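Down below is the structure, laid out as structure tokens.
The values are calculated or read from the model by the stated rules, or taken from the named source; none is laboratory data. Just so it is clear, the model here is predicted, and its values are computed rather than measured. All Cβ positions, even for glycine, are placed from backbone atoms using ideal geometry, and neighbour counts span all protein chains on display.
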Amino acid sequence: MKRSGIILGTVCLALCLGLTTQASAAGKTFLTLASGSPGGAYYPLGGGMSVVLQKTVEGFRCAAESTGASVENCRLVGNGDSDMGMVMGSVGYNATEGKAPFEKKYDLVSLFQMYPAPEHIVTTAQSKIKTIADLKGKKVSIDVPGSGCSTMAKAILEEAGFNLDKDLTIANLSQTESVQALKDGVVDAVFFNFAYPGSAVMDLAATRDIVLVPVDPKLADKVIKKYPYYVKIVIPGKTYAKVDKDVLCLGDSNLMIANKKMPDDVAYKIVKAIYTNVKEGKYALINVHPIAAQLTPQNAVNSPLPLHPGAVKYFKEIGALK
């Protein structure tokens, strides 16, 4: 089997030699989990999840492996070289549709959404901007060209009726540059895309009275109809200083995917083990990475890909799905 990167967890690769994924031997089920590169959230979280599965599910053996993340993980899981993988929702959706950068359609489903990545639209109280419509005639940074953030920002602005060449001044600044530009008044608003709470927004909130601009629900529905891989996300009030109310956003998601061929009982046991070990227990994921706090049933079922039947069974049991 093709493997890449550093193997995490406590399973030796020797156990897997000669075995296909989801293989069983002497009552054991061997699983592989494709995570991401060191430095990101996928890498430690994937390692923590592999330990949870191995230590808390009888008969499971699981190895997490470092990979190039979303695109590579879709191919690994789609081709049967990994049992599950961490991917951005938009990338997973394109993989199931056979859209670029994928050369064919992959039979992928979601075990759960791990955590959302909302598109933050940030301004200051001084700007008087309260709605997306108020951005007309303003200077707005949407991140660097080709980034997921800039792509989503353009989708939101265009569906809101803006002519990007005439109705506002677009700046393609990095996150760090955007923070400083907003502080200095060089731009009036900035778009960021990351899980909350984002350090860039916290930096701004430490020295400025920030405003998070919400997306109107009708606009959100319009964008999702055209771009079905985006999801509605609510940033809870008090996530950032002086932002007391919940803010509706559009965003991407971070999913744990599996191949449609994964047996229902295996998928069920995986999902149950993860969600019963998020904040409690010896192997609690919250102790591995703080982003695990967002592994809630409510986030889990908010996926741009269909949920695996085994996952559906678990989430129905706990009342997250009807």
* To do: Considering each of 293, 258, 267 in turn, give the residue that is of a type in the set (Gly, Ala, Ser) and surrounded by fewer than 22 Cβ atoms within 10 Å (Cβ to Cβ).
  => 293
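Tally up the residues in the range 139-186 that are hydrophobic (A, V, I, L, M, F, W, C) and farther than 14 Å from residue 223 by Cβ, please.
Residues that pass the stated criteria total 13.
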* To do: Return yes or no: is residue 273 within 30 Å of residue 32 (Cα to Cα), at pLDDT 95 or above, outside the structural domain of residue 121 (by TED's automatic domain parsing) and in contact with a Phe, Trp or Tyr (Cβ under 9 Å, 6 or more places away or on another chain)?
  => yes
* Near pairs, Cβ below 6 angstrom, 6+ apart or cross-chain, from the range 158-169 (closer than 12 Å to residue 135 by Cα and outside the structural domain of residue 225 (by TED's automatic domain parsing)) to any residue that is of a type outside the set (A, V, I, L, M, F, W, C) and outside any loop (DSSP other than H, G, I, E, B) -> none
* Structure fact -> Among residues of the range 292-322 being under 13 Å from residue 110 (Cβ atoms) and assigned to a loop (DSSP other than H, G, I, E, B), the residue farthest from the chain's Cα centre (by Cα) is 321
* Structure fact -> Of the residues in the range 71-86, those that are modelled with pLDDT of 95 or more and either β-branched (Val, Ile, Thr) or crowded, with 24+ Cβ neighbours inside 10 Å (or both) come to 73, 74, 76, 77, 82, 83, 84, 85, 86
* Selected residue (criterion: nearest to residue 312 (Cα to Cα)) from residues of the range 277-286 that are surrounded by fewer than 17 Cβ atoms within 10 Å (Cβ to Cβ) and in contact (Cβ under 8 Å) with a residue 60 or more places away in the chain -> 281
* Which residues, taken from the range 96-120, are closer than 18 Å to residue 147 by Cα and buried (at least 21 other Cβ atoms within 10 Å of the Cβ)? -> 116, 117, 118, 119, 120
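Output the strands (runs of 3 or more DSSP E) that fall wholly within the range 125-229 and possess 3 or more residues being within 20 Å of the chain's Cα centre (by Cα), or say none.
Once the strands (runs of 3 or more DSSP E) in the range 125-229 are filtered for at least 3 residues that are within 20 Å of the chain's Cα centre (by Cα), what remains is 189-193.
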* Quick one: would you say residue 266 is β-branched (Val, Ile, Thr), in a strand (DSSP E or B) and on the phi < 0 side of the Ramachandran plot? -> no
* Spot the failing condition for residue 239; the list is (1) outside the structural domain of residue 189 (by TED's automatic domain parsing); (2) closer than 28 Å to residue 38 by Cα, and only one is missed. => (1)
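Please go through the range 135-152 and give me each residue that is touching a residue at least 40 places away in the same chain (Cβ under 8 Å) and either out of contact with any strand residue (DSSP E or B) (no Cβ under 8 Å at 6 or more places or on another chain) or buried (at least 21 other Cβ atoms within 10 Å of the Cβ) (or both), ordered by number. Let's see the steps before the verdict.
Step one: of the range 135-152, the residues touching a residue at least 40 places away in the same chain (Cβ under 8 Å) are 135, 138-143, 147-150, 152.
135, 140, 141, 142, 143, 149, 152, listed by residue number.
So, in the range 238-275, of the ones that are without any contact (Cβ under 8 Å) to a residue 24 or more places away in the chain and over 20 Å from the mean Cα position of the chain (by Cα), which residue ends up nearest to residue 153 (Cα to Cα)?
Of everything passing the filter in the range 238-275, 245 is nearest to residue 153 (Cα to Cα).
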